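The values are calculated or read from the model by the stated rules, or taken from the named source; none is laboratory data. Being a predicted model, the structure only gives us computed values, none of them experimental. We place every Cβ from the backbone using ideal geometry, glycine too, and count neighbours over all the protein chains shown. Accessible surface is based on the protein model in full, side chains and every heavy atom, while ligands, DNA and RNA are left aside. Shrake-Rupley method; radii C 1.70, N 1.55, O 1.52, S 1.80 Å.
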Amino acid sequence: MANRGPSYGLSREVQQKIDRQYDPELEQILVRWILAQCGSDVAQPAPGRDGFQQWLKDGTVLCRLINSLHPRGQGPVAKVQASAMAFKQMEQISQFLQAAERYGIAATDIFQTVDLWEGKNMACVQRTLMNLGSLAVAKGDGLFVGDPNWFPKKSQENRRVFSEDKLKEGQSVIGLQMGTNRGASQAGMTGYGMPRQIL
């Protein structure tokens, strides 16, 4: 709820810990990318965590962003319009989240609508947008606009195919994870139960 008062005790400590995860440098990278990706349709936000939250809060910037990652006319969010009504804003945020999941973002990497709308967990919002940017770069479909070095590179599949002979050959080799007996001998050992000879 937007009119929630200040928190105290453990709730306050938890909120402060969440707030410390917010990265101002990542905010600048995300703002540059969103402005480059969406073009002149989107205005520059006010600097800082609150400015970033207010910029994304109504969901229009997010919907334009996800639409720009699809071919023209095939965007997943058909109707993008600014609204002062809280319900409409939250609906547009949830449309973005559904479209991001269909785009390929894992469900565990997606923020909750209230994280953005109430500004309770803006670090999670940053992580979702960073994952979206990384995925857009990795797809390589020519729709990403901006510097690919802004985002961490996603790992690519490196499938290997071995012949049957090579697979059978590998079954006869004892891996070093099992240990080795190379260099092991019983030279110099005495029989069990016999006293050790000290000279």
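Things to note:
- Simple spin-label estimate for residue 154 and residue 172 in nanometres, 7 Å along Cα-Cβ: 4.3
- On Cα atoms only, tilt of 86-103 relative to the major axis of the chain in degrees: 40
- When the Cα atoms of the chain are aligned to their principal axes, the ranges along those axes come out at 93, 54, 26 Å in descending order.
- Residue of 80, 173, 114 that the Gaussian network model of the chain assigns the largest fluctuation, springs spanning Cα pairs under 10 Å: 173
- For segment 1-67: Kirkwood Rh in Å [reciprocal of mean 1/r, alpha carbons]: 13.7
- Sum of side-chain charges, residue 47 neighbourhood, beta-carbon under 15 Å (Lys, Arg +1; Asp, Glu -1): -2
- Label separation (residue 161 vs residue 98): 4.0 nm, computed from points 7 Å beyond Cα along the C-beta direction.
- Heavy-atom accessible surface of segment 1-149, averaged per residue, reaches 55 Å², computed with a 1.4 Å probe.
- Residue-count net charge about residue 25 - beta-carbon cut-off 15 Å; Lys, Arg +1, Asp, Glu -1: +1
- Close lysine pairs were tallied over the chain: pairs 8 or more places apart or on different chains with Cα atoms under 13 Å apart number 6.
- Rounded to the nearest 500, the 222 nm mean residue ellipticity of the chain from helices alone is -14500 deg cm²/dmol, with -39,500 (n - 2.57) taken per DSSP H run of at least 4 residues.
- For the pair residue 26 and residue 109 in one chain, pulling the backbone fully straight at 0.36 nm per residue adds 28.3 nm over the alpha carbon distance.
- Residue 79/residue 8 FRET efficiency (R0 30 Å; Cβ-Cβ; nearest 0.05): 0.10
- Between helix 122-139 and the chain there is an angle of about 70 degrees, using the helix long axis and the longest principal axis of the Cα atoms.
- All other residues whose Cβ lies under 13 angstrom from that of residue 135 are scored, Lys and Arg at +1 and Asp and Glu at -1, for a net of +2.
- For peptides 66-79, 122-135, 95-108, 147-160, sequence by mean Cβ density within 10 Å, most packed first: 122-135, 95-108, 66-79, 147-160
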